[in-house]
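Got a structure here, written out as structure tokens. Questions coming.
The values are calculated or read from the model by the stated rules, or taken from the named source; none is laboratory data. All values derive from a computational prediction rather than experimental measurement. Positions of Cβ are backbone-derived with ideal geometry, glycine not excepted, and every protein chain shown enters the neighbour counts.
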Amino acid sequence: MQTDTDHLSRLADNTSRYARYSRSAGGLSLVIGGILCLATFVVGATVELTPALRYALAGAPLLWLLSKELLRAFYYQRAGAARERLSDKQRRMHLWMVAYLAVMSLLIIGGVVWAAGARAWQWPGIGYVAIVAAMPLVAARWFWSVGDFLVGVLLVCQAAVVIAGNHYPWYWILIAALYAVIAIGTGWREHRDYLRLRDELGLPGAGQNRGANA
Amino acid sequence: MKSGTQDAIDAVLAVDRLVHEPARLAILTVLSGAELVEFGFLETVCRLSKGNLSSHLSKLEAAGLVAIHKSFRGKRPLTRVAITDSGRDALERYRLQIAALINAAPVPNKETP
């Protein structure tokens, strides 16, 4: 009977671990985000930016969010969606992150409108304002962990800057590299944990990585 | 005053039978680990057939232990299930009862005669 209660605890725990991949665990999407983050800052600071390249760099956050959604739906939660149950602490942290970004966005947009006047509402100023205004909304929907926050904010900020015709100076590559290392390490650890979980729960594809996990 | 045996029998009989059934216990346990779970995931993890799972979910819903949300994703029906506060309380109460029963039971003598 004791073993049965242990099994039940493990079942509830495994479900919580699986449900994390609906929100706070990005797995490979965090690895992709880290690589994109570093790549966009390196390209932005070292390559002559043509209009096409600027749009490509500005599209990096969209590419990351798309990879996040596709990996969640067709890989991590392909056995059926299970939405993570957030603790009060996680909810508070998410709320504070979004509130912080909303305040920063308002300050930046206010500063741009004050400095540029009517030019802020013409292209490419309007593109910059739109991306900065979208940042808290994107964060509210997709940024559920520190890794998401670090990578996401940097990607969205560089998108806003390059769409306006500028780029971050070279030393930002160091910050992007630091965030990328954190994101890639965290994402890879989460992915390995998922492979173990898949075997434990007997989900589709279980057993394929038994040798790798041994 | 009741005897120890009578107390033990009362404790066993007091266990919530709706929760005690193994399939329903597994369903509630899985649901307790998430905010909302799709039918397909429950089916895979609890290793139940669609009909069996539906039947157990209906009983749990009738007792107010789970909430079932039905909708469509494109043309495909989508069923999502969540444990209610009553369901969470019932599961916690059940686990405490079982833990108390285990603690009250004498440890069997494993020595061979």
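If only one of A:Arg10, A:Arg20 is more than 24 Å from the chain's Cα centre (by Cα) and within 30 Å of B:Leu96 (Cβ to Cβ), which one is it?
A:Arg10
Next question, about the same structure. Could you check how many residues of region A:84-104 are in contact (Cβ under 8 Å) with a residue 40 or more places away in the chain and either assigned to a helix (DSSP H, G or I) or over 17 Å from the mean Cα position of the chain (by Cα) (or both)?
Total satisfying the criteria: 7.
Here's something else I'd like to know. Specify which of the listed residues (A:Ala79, A:Ala56, A:Ala39) is part of a loop (DSSP other than H, G, I, E, B) and either within 14 Å of chain B (Cβ to nearest Cβ) or more than 24 Å from A:Gly202 (Cβ to Cβ) (or both).
A:Ala79
OK, next. Out of the residues in region A:157-214 that are of a type in the set (S, T, N, Q) and either modelled with pLDDT of 90 or more or under 19 Å from A:Trp144 (Cα atoms) (or both), state the one that is nearest to the chain's Cα centre (by Cα).
Per the criteria, the residue is A:Thr186.
Look through B:Arg73, B:Arg24 and report the one residue that is under 22 Å from A:Ser16 (Cα atoms) and either touching a Phe, Trp or Tyr at 6+ places or on another chain (Cβ under 7 Å) or of a type in the set (Lys, Arg) (or both).
The match here is B:Arg24.
Okay, residues lined up against (1) at pLDDT 95 or above; (2) closer than 23 Å to B:Ser32 by Cβ; (3) under 21 Å from the mean Cα position of the chain (by Cα):
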site: A:Gln2; (1), (2), (3): no, yes, no
site: A:Ala39; (1), (2), (3): yes, no, yes
site: A:Glu69; (1), (2), (3): yes, no, yes
site: A:Ala115; (1), (2), (3): no, no, no
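Related question: What are the residues in region B:36-62 that are hydrophobic (A, V, I, L, M, F, W, C), farther than 25 Å from A:Gly205 by Cα and either within 14 Å of chain A (Cβ to nearest Cβ) or within 12 Å of the chain's Cα centre (by Cα) (or both), if any?
B:Leu57, B:Leu60
If B:Arg88 passes every condition in (1) touching a residue at least 40 places away in the same chain (Cβ under 8 Å); (2) within 12 Å of chain A (Cβ to nearest Cβ); (3) in contact with a strand residue (DSSP E or B) (Cβ under 7 Å, 6 or more places away or on another chain) but one, which one does it miss?
(3)
Checking A:Gly26 against (1) modelled with pLDDT under 90; (2) closer than 30 Å to B:Ala82 by Cα; (3) assigned to a loop (DSSP other than H, G, I, E, B), only one condition comes out false. Which one?
Only one criterion in (1) modelled with pLDDT under 90; (2) closer than 30 Å to B:Ala82 by Cα; (3) assigned to a loop (DSSP other than H, G, I, E, B) is unmet by A:Gly26, namely (1).
When you check A:Tyr18 against the structure, is it within 23 Å of A:Val181 (Cβ to Cβ), crowded, with 20+ Cβ neighbours inside 10 Å and within 14 Å of chain B (Cβ to nearest Cβ), yes or no?
In short, no.
Are any of the residues in region A:125-141 outside any helix (DSSP H, G or I), without any contact (Cβ under 8 Å) to a residue 40 or more places away in the chain and farther than 30 Å from A:Gly27 by Cβ?
Within region A:125-141, not a single residue is outside any helix (DSSP H, G or I), without any contact (Cβ under 8 Å) to a residue 40 or more places away in the chain and farther than 30 Å from A:Gly27 by Cβ.
Which pairs turn up if I take residues in region A:188-208 that are within 19 Å of A:Ser9 (Cβ to Cβ) and look for partners that are assigned to a helix (DSSP H, G or I) and modelled with pLDDT under 90 with beta carbon separation below 6 Å, at least 6 apart in sequence or on another chain?
Short answer, once both residue conditions are applied: A:Arg196/A:Asn213.
Is it the case that region B:93-100 has a residue that's more than 17 Å from the chain's Cα centre (by Cα), surrounded by fewer than 18 Cβ atoms within 10 Å (Cβ to Cβ), of a type in the set (Lys, Arg) and away from chain A (no Cβ under 12 Å)?
Taking every residue of region B:93-100 in turn, none turns out to be more than 17 Å from the chain's Cα centre (by Cα), surrounded by fewer than 18 Cβ atoms within 10 Å (Cβ to Cβ), of a type in the set (Lys, Arg) and away from chain A (no Cβ under 12 Å).
Here is a follow-up. Which ones in region B:40-51 are in contact with a helix residue (DSSP H, G or I) (Cβ under 7 Å, 6 or more places away or on another chain) and part of a helix (DSSP H, G or I)?
Passing the criteria: B:Leu42, B:Glu43, B:Val45, B:Cys46, B:Lys50.
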